[in-house]
Amino acid sequence: QNVTVPRPAPQRSAGAVVFRETPGGRRFLLLRNAKGHWDFPKGRIEAGEAVEDAIRREAREEAGLRNLVLLPGFRMMLRWGFRERGCRLRKVAEYWLARVRSSRVRLSGEHTRARWVTAEEGRRMLAFPNARNLLRTANAWALRRVFPT
C-alpha cells in the first residue's frame, strides 16, 4: 500500500535589503552569520505576525536598527531548499527594501560582523546567487528613485 507523506509547508521568513545614502553613494548593510556567510537582516515570521512587523523586529533584533523606513513598491521573494536533521525542508523569504539614516549597527549574538558596502562589494561578498540577484534587483530599483541624504 502506498502511503503519501505530505511535504511540510515552507518555513516563512521576512527580511530587508537595508541601505543608507552617504556623500560617497548608496551603501547596503550586510551581516555575517556564525557560519561565515554574509546576508541581509532576516528571520522567521512569528505566528500571527505581519510581514512588515517581522521585518522591523528582525532588523531591530539582529542589527539594532530602530528607524527603518520600509519603501513601498519593492518586494522580492526568495525560495530555496535545505536539509535539517535528515529532512529536506523549504524556505520562502520575502524581502523589502528599507532605508535608514544612521550607520549605527548593534549586532545580536547571531552575527559576528556588520558592514556597509556598495552594491558591487555586496555582490562579491554574498555567498548565494539568489542573494546576489536580490541585491542587484533592489539596487536597480533604488537607482530609479531619489532619496534625500
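The values are calculated or read from the model by the stated rules, or taken from the named source; none is laboratory data. Since we're looking at a predicted model, the values are computed, not measured. Every residue, glycine as well, gets a Cβ built from its backbone with ideal geometry; the counts of neighbours run over all protein chains shown. Side chains included, ligands, DNA and RNA excluded: accessible areas come from the protein's heavy atoms. Shrake-Rupley method; radii C 1.70, N 1.55, O 1.52, S 1.80 Å.
Assorted remarks:
- For M125, the accessible surface of its heavy atoms amounts to roughly 40 Å² (probe 1.4 Å, protein chains only, rounded to the nearest 10).
- In Å², nearest 10: area of E46 left accessible to a 1.4 Å probe: 100
- Region 11-55: C-alpha gyration tensor shape, a/c 1.5 cut-off, then a/b vs b/c: oblate
- Taking every DSSP beta bridge that has both ends in the chain, the antiparallel portion is near 75%.
- Cβ charges +1 (Lys, Arg) and -1 (Asp, Glu), total dipole of the chain, debye: 340
- Computed over neighbours whose Cβ is under 10 Å from that of E121, the net charge equals +3, Lys and Arg +1, Asp and Glu -1.
- S102 sits with roughly 60 Å² accessible to a 1.4 Å probe, with DNA, RNA and ligands left out of the calculation.
- ³J(HN,Hα) computed for each position of region 56-68 - Karplus, 6.51 cos²θ - 1.76 cosθ + 1.60, integer Hz, glycine/proline x: 4, 5, 5, 5, 5, 5, 7, 10, x, 7, 10, 10, 6
- Unit Cα scatterers, Debye sum, the chain: log10 I(q)/I(0) for q = 0.16 Å⁻¹: -0.86
- Each Cα pair under 8 Å and six or more residues apart adds its sequence gap; the mean of these over the residue count of region 49-149 is a relative contact order of 25 percent.
- In whole percents, the pair-distance distribution calculated for region 37-102 from its alpha-carbon pairs, binned every 10 Å from zero, is 18, 48, 27, 7, 0.
- Value of Rg/Rh across region 63-149 [Cα atoms, Kirkwood radius]: 0.99
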